[in-house]
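Here the structure comes first, spelled out in structure tokens, and everything after it is commentary.
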């Protein structure tokens, strides 16, 4: 029996999925499989947390895009050592504790592993499954740069999506620019892994341009290219707050990013008493390295034993 005879369906037998049901967050996060790719330290986990927080709290929008579905429970499958503690701090006091569940992704090469994950997710009523990250979830001997491995990753996730649990999978971009770094080829594994997903989010980060969110998503009304920022909710918090960078109309001069950072420091009054500690603290939420921050803040901001002030 052939594939057409066994699985072919006429259009009247296919369930209609309206645009609003195809997205959890309009034009950004799909209700099927979405891949979030970016370089290490670009803020991929922060972006995943930001989207999950918006859904859990029932916020009307995220980065100016409508949130279509509220989440009662988001499940993170984590591969990095210490990731559970990191996730706790990213969500601390921002969402109800019971709304986020984490578990270690390990021994993925065991037969039936991903089927058991699918069953657990449906049993727990997961409204979103975040796999963070693809490379750490590979079976021993797998190479994500190889097309068969990339295809197997998508094949493992499809049953979860088909069971009604949206999947956001976090991965890295490859080294070099062999595929031109288009959005569709941004993930490691390139088009072999991108082809099996409903949508791709590429998170770019550079010292010159800051952070950008770019997308290539089926059924989206537009491909996004957003100039975004992320900051800590407070000086003693690791909860990320994402925003689209505002652009003033008219031929005005570009704002000085270092003056903006000084303003943030004076407003935040972080628990740091040296430029070295400032560099370490703000490197996670800016596009600069700790050493660059230390060098560029010298002469701009100073600590007067009690608080940070602008240098005279």
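Things worth noting here:
- Residue in the stretch 110-124 that is within 17 Å of the chain's Cα centre (by Cα) and within 22 Å of residue 37 (Cα to Cα) present: no
Condition check ((1) under 22 Å from residue 228 (Cβ atoms); (2) out of contact with any helix residue (DSSP H, G or I) (no Cβ under 6 Å at 6 or more places or on another chain); (3) part of a helix (DSSP H, G or I); (4) assigned by TED's automatic domain parsing to the domain that holds residue 128) across all residues:
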{"position": "5", "(1), (2), (3), (4)": "no, yes, yes, no"}
{"position": "21", "(1), (2), (3), (4)": "no, yes, yes, yes"}
{"position": "37", "(1), (2), (3), (4)": "yes, yes, no, yes"}
{"position": "42", "(1), (2), (3), (4)": "yes, yes, no, yes"}
{"position": "93", "(1), (2), (3), (4)": "no, yes, no, yes"}
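- Residues of the stretch 48-91 classified as part of a strand (DSSP E or B) and surrounded by 13 or more Cβ atoms within 10 Å (Cβ to Cβ), total: 9
- For the stretch 127-171, residues that are assigned to a loop (DSSP other than H, G, I, E, B), modelled with pLDDT of 95 or more and under 19 Å from residue 201 (Cα atoms) total 2.
- Residues that are touching a strand residue (DSSP E or B) at 6+ places or on another chain (Cβ under 8 Å) and either loosely packed, with under 14 Cβ neighbours inside 10 Å or modelled with pLDDT under 95 (or both), drawn from the stretch 106-126: 124
- Number of the exception - residue 196 against (1) at pLDDT 75 or above; (2) touching a helix residue (DSSP H, G or I) at 6+ places or on another chain (Cβ under 8 Å); (3) assigned to a loop (DSSP other than H, G, I, E, B): (1)
- Hits in the stretch 232-258 (condition: surrounded by 12 or more Cβ atoms within 10 Å (Cβ to Cβ) and either part of a helix (DSSP H, G or I) or at pLDDT below 80 (or both)): 255, 257, 258
- Close pairs from the stretch 59-73: first on the phi > 0 side of the Ramachandran plot and in the same structural domain as residue 167 (by TED's automatic domain parsing), partner assigned to a loop (DSSP other than H, G, I, E, B) and surrounded by 13 or more Cβ atoms within 10 Å (Cβ to Cβ), Cβ under 8 Å, at least 6 apart: 63/28
- Selected residue [closer than 25 Å to residue 237 by Cβ, without any contact (Cβ under 8 Å) to a residue 12 or more places away in the chain and in the same structural domain as residue 212 (by TED's automatic domain parsing)] from 81, 143: 81
The values are calculated or read from the model by the stated rules, or taken from the named source; none is laboratory data. Quantities reported herein were computed from a predicted structural model and do not represent experimental measurements. Here Cβ is always computed from backbone atoms with ideal geometry, including for glycine, and neighbour counts include all displayed protein chains.
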